[in-house]
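Undergrad: Sharing a structure here in structure tokens format.
The values are calculated or read from the model by the stated rules, or taken from the named source; none is laboratory data. It should be emphasised that the depicted structure is a prediction, and the values quoted were computed from it without experimental measurement. Don't worry about glycine lacking a Cβ; one is built from the backbone with ideal geometry, like all the others, and counts go over all protein chains shown.
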Amino acid sequence: MINKKILEKTYERIINGTPNVLKTGFVELDKWLNNVDFGSLILISGRPAIGKTALMLSIMYNLSKQNKSCMFFSQSDGMEYIIRRMLSDISEVSMFDIERFENLTPEKTENLKLAKKELSTLNIMLFEHKFYIEQIKNEIENYSPEYIFIDNADLMNNFSDGKRIDTFSELKNIARENNCIIFTTCYLSKTVEQREDKHPILSDLKETLKYMVPDVVMFIYRDSYYNIAEEKDRNKAEIIIDSNKNGYLGRFNLTFKNGKFYNSI
């Protein structure tokens, strides 16, 4: 039997002229991911503190503004920290200022107040420290979100019922079974640091990915991450689409400033 719920959703997208199910808010990214469909797993990788979580939070915020239901799982950061980051993104008050009360001018305080009001209206569910596949699977089945974001999936427990499992294969199965799109981040091997060219490549994930199960693998690279003193292109971030089962491969630029991504002009 054909799943009637999925049939109805597919039909509605066709007749409404909206076949692209992913509107990330980033123009170039949407072009590259034009063929991504529900049931997909998208992996974002890069070196620590290069912007993986920031990009996921930006995409989640942009989708939630379109009345899409989103769910976010943090494996390492607490819920209050994630909320502070989201308030910072929406208000454009830097995390530096948020964490230092004396820096909060009346204007910044008002921006944070408006950000709090907006954030409270968005259909976003936040969970922290869900280290087991079954925990995540249960929450997804209970709430049926359209988009799921899992930060640092490589930190999840890779055992189920005493048996070793492949975390990313399990996440792919969850995406298919629940007809949703799952974004996840993972760390990049230190091998990239040993090369003259620090641009990441798929083989840098061999310690993390046992099988190449994600539908899309994208990397974040910032030259300023390695050349701190260099002023040129300080805010430029390269997004590298290095694996895309239903689309093209390539790279494009976003602007990364004060911990937040923007479309490049």
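Undergrad: Among the residues of segment 208-225, which ones are surrounded by 13 or more Cβ atoms within 10 Å (Cβ to Cβ) and either closer than 26 Å to S88 by Cα or hydroxyl-bearing (S, T, Y) (or both)?
TA: Answer for segment 208-225, where residues must be surrounded by 13 or more Cβ atoms within 10 Å (Cβ to Cβ) and either closer than 26 Å to S88 by Cα or hydroxyl-bearing (S, T, Y) (or both): T208, M218, F219, I220, Y221, R222, D223, S224, Y225.
Undergrad: Something else about it: Suppose we keep only residues that are not hydrophobic (A, V, I, L, M, F, W, C) and not in a loop (DSSP other than H, G, I, E, B) within segment 256-265. Which one would you say is nearest to R84 (Cα to Cα)?
TA: Out of the qualifying residues, it is K260.
Undergrad: Follow-up question, since we're still on this one. Kindly list, by first and then second residue, each pair from a residue in segment 61-84 that is among the small types (G, A, S) to a residue that is in a strand (DSSP E or B) and surrounded by 15 or more Cβ atoms within 10 Å (Cβ to Cβ), limited to pairs with Cβ atoms under 7 Å and residues at least 6 apart or on different chains.
TA: Correct list of pairs: S64/C70; S64/I124; S74/E128; S74/D151; S76/D151; G78/E128.
Undergrad: Also, I was wondering about something else. Run R195 past the list (1) at pLDDT below 95; (2) within 24 Å of I150 (Cβ to Cβ) and report the number of the one that doesn't hold.
TA: (2)
Undergrad: Continuing with the same structure: Considering only residues of segment 94-118 that are modelled with pLDDT of 95 or more and of a type in the set (A, V, I, L, M), which is surrounded by the fewest Cβ atoms within 10 Å (Cβ to Cβ)?
TA: L114
Undergrad: Name the one entry in L209, L188, L254 that is in contact with a Ser or Thr (Cβ under 6 Å, 6 or more places away or on another chain), under 15 Å from S45 (Cβ atoms) and of a type outside the set (D, E).
TA: L188
Undergrad: Can I ask one more? Do the conditions hold for N263, that is, is it within 26 Å of V27 (Cβ to Cβ), in contact with a Phe, Trp or Tyr (Cβ under 9 Å, 6 or more places away or on another chain) and either modelled with pLDDT under 90 or among the acidic types (D, E) (or both)?
TA: The answer is no for N263.
Undergrad: In addition: If I go through segment 133-149 residue by residue, how many of them are surrounded by fewer than 15 Cβ atoms within 10 Å (Cβ to Cβ) and assigned to a loop (DSSP other than H, G, I, E, B)?
TA: Of the residues in that region, 1 qualify.
Undergrad: If the requirement is being touching a strand residue (DSSP E or B) at 6+ places or on another chain (Cβ under 7 Å), without any contact (Cβ under 8 Å) to a residue 24 or more places away in the chain and surrounded by fewer than 21 Cβ atoms within 10 Å (Cβ to Cβ), which of these qualifies: N173, N158, N152?
TA: That would be N158, the only listed residue that is touching a strand residue (DSSP E or B) at 6+ places or on another chain (Cβ under 7 Å), without any contact (Cβ under 8 Å) to a residue 24 or more places away in the chain and surrounded by fewer than 21 Cβ atoms within 10 Å (Cβ to Cβ).
Undergrad: Can you find a residue in segment 133-145 that is of a type outside the set (G, A, S), on the phi > 0 side of the Ramachandran plot and touching a helix residue (DSSP H, G or I) at 6+ places or on another chain (Cβ under 9 Å)?
TA: There is no residue in segment 133-145 that is of a type outside the set (G, A, S), on the phi > 0 side of the Ramachandran plot and touching a helix residue (DSSP H, G or I) at 6+ places or on another chain (Cβ under 9 Å).
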